[in-house]
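The values are calculated or read from the model by the stated rules, or taken from the named source; none is laboratory data. This one's a predicted model, so the numbers in the text were calculated from it and none came from an experiment. Glycine also receives a Cβ, built like all others from the backbone with ideal geometry; neighbour counts cover every protein chain displayed. These accessible areas exclude ligands, DNA and RNA; they are computed on the full protein's heavy atoms, side chains included. Shrake-Rupley method; radii C 1.70, N 1.55, O 1.52, S 1.80 Å.
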Amino acid sequence: MSKSERTRQRIQATAVQLFTEDGYDAVTVDRIASAAGVSHMTFFRYFPSKDAVLLDDPYDPVIADAVAAQPADRSPLERACRGILDAWALIPETDLGDVRTRLRIVAAHPRLRARMWENTLRTQEAVAAALAEPGTRRLEAAVAAGACMGALMAALTDWAETGDEALGNRIASALHQLAPEASPSRQPREVP
C-alpha cells in the first residue's frame with residue numbers, strides 16, 4: 001500500500017471514529033484533519049467534502065463494467081443482477097473495512113441518505129447505459145437497472161442495521177428475489 005493510500009485510509013478511519021463518537025454534524029473538517037495528523041488542504045486532496053468521507057464508494061465503478069460484460073442473450077434484469085453479483089464477488093468480505101459503520105452513519109442522517117441515493121442514481125444510470133448497449137430498449141434497461149439498484153440498496157442498509165450474515169450473501173438474497181436464475185459468473189474471492 002502506498003503512502004498516499006495509507007494517508008487516505010487514516011483520514012477516513014479518523015473521520016468515521018469521530019462521527020461515531022460525536023455525531024456527523026458535530027465534527028468539522030478541521031477537526032478530522034487535526035486528529036488524522038494532516039492539514040486542512042491535505043484533507044481536501046483526498047476528499048472533496050466531509051460527505052465524501054462516508055459516501056466515496058470504490059465498488060460502484062466496477063458494477064456497470066460487470067453488467068456490460070454479461071451475455072446479451074439474457075434478459076436485462078438477469079444481466080443487471082448477474083453483473084452486480086459478479087462485481088461483488090470480486091470483493092472479499094475482509095476488504096469491506098468500516099463500510100457497515102459508514103452505512104449506519106449515513107442511514108441515520110437525512111441529508112447523507114439523500115446524497116447516497118444521488119450516488120445510487122448515478123450508478124443506476126451507468127447500469128442502464130450498459131444494458132442499452134446491446135440494443136435493449138431504454139425503458140426496459142432503466143427498469144431493470146432501477147430494480148436491481150433498489151434491491152442492492154435494500155440489502156446494504158439492512159446489512160448495516162442487522163449484520164447477521166455476510167454482505168455478499170445479503171446482496172445475493174436480495175437480487176435473487178428479482179431474478180432467481182441469476183447467480184454470479186465468478187466465484188467469490190477466497191478470504192485468506
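Give Asp98, Asp56, Asp65 a once-over and let me know the one that is surrounded by fewer than 18 Cβ atoms within 10 Å (Cβ to Cβ), within 16 Å of the chain's Cα centre (by Cα), at pLDDT below 95 and over 26 Å from Thr162 (Cβ atoms).
Unique residue meeting the criteria: Asp65.
When the residues of the stretch 143-192 are narrowed to those that are acidic (Asp, Glu) and farther than 22 Å from Thr101 by Cβ, which ends up modelled with the lowest pLDDT?
My answer is Glu190.
Considering only residues that are part of a loop (DSSP other than H, G, I, E, B) and open to solvent by 70 Å² or more (accessible area, probe 1.4 Å), look in the stretch 107-133 and name the one that is modelled with the highest pLDDT.
Across the stretch 107-133, the extreme among qualifying residues is Ala108.
Conditions: (1) closer than 30 Å to Met149 by Cα; (2) crowded, with 17+ Cβ neighbours inside 10 Å; (3) out of contact with any Gly (no Cβ under 8 Å at 6 or more places or on another chain). Gln17 meets all but one. Number of the miss?
The one condition Gln17 does not meet is (2).
For the stretch 20-53, enumerate the residues that are closer than 23 Å to Asn119 by Cβ, surrounded by fewer than 19 Cβ atoms within 10 Å (Cβ to Cβ) and aliphatic (A, V, I, L, M).
Residues satisfying the conditions are Val29, Ala52.
Could you check how many residues of the stretch 1-48 are of a type in the set (Ser, Thr, Tyr) and either at pLDDT below 95 or outside any helix (DSSP H, G or I) (or both)?
4
What's the number of the only condition in (1) at pLDDT below 95; (2) open to solvent by 40 Å² or more (accessible area, probe 1.4 Å); (3) among the hydrophobic types (A, V, I, L, M, F, W, C) that Leu85 fails to meet?
Going through the list (1) at pLDDT below 95; (2) open to solvent by 40 Å² or more (accessible area, probe 1.4 Å); (3) among the hydrophobic types (A, V, I, L, M, F, W, C), Leu85 breaks only (2).
Report every pair of residues separated by at least 6 positions or lying on different chains whose Cβ atoms are under 9 Å apart, first residue within the stretch 173-192 and surrounded by 14 or more Cβ atoms within 10 Å (Cβ to Cβ), second of a type in the set (S, T, N, Q) and at pLDDT below 90.
Listed pairs, sorted by first residue: His176/Ser183.
Specify which of the listed residues (Asp51, Asp73, Asp57, Asp65) is touching a residue at least 24 places away in the same chain (Cβ under 8 Å), of a type in the set (D, E, K, R), at negative phi and not in a helix (DSSP H, G or I).
Asp57
Out of all the residues in the stretch 135-184, which are in contact with an Asp or Glu (Cβ under 9 Å, 6 or more places away or on another chain) and assigned to a loop (DSSP other than H, G, I, E, B)?
Ala166, Ala179, Glu181, Ala182, Pro184
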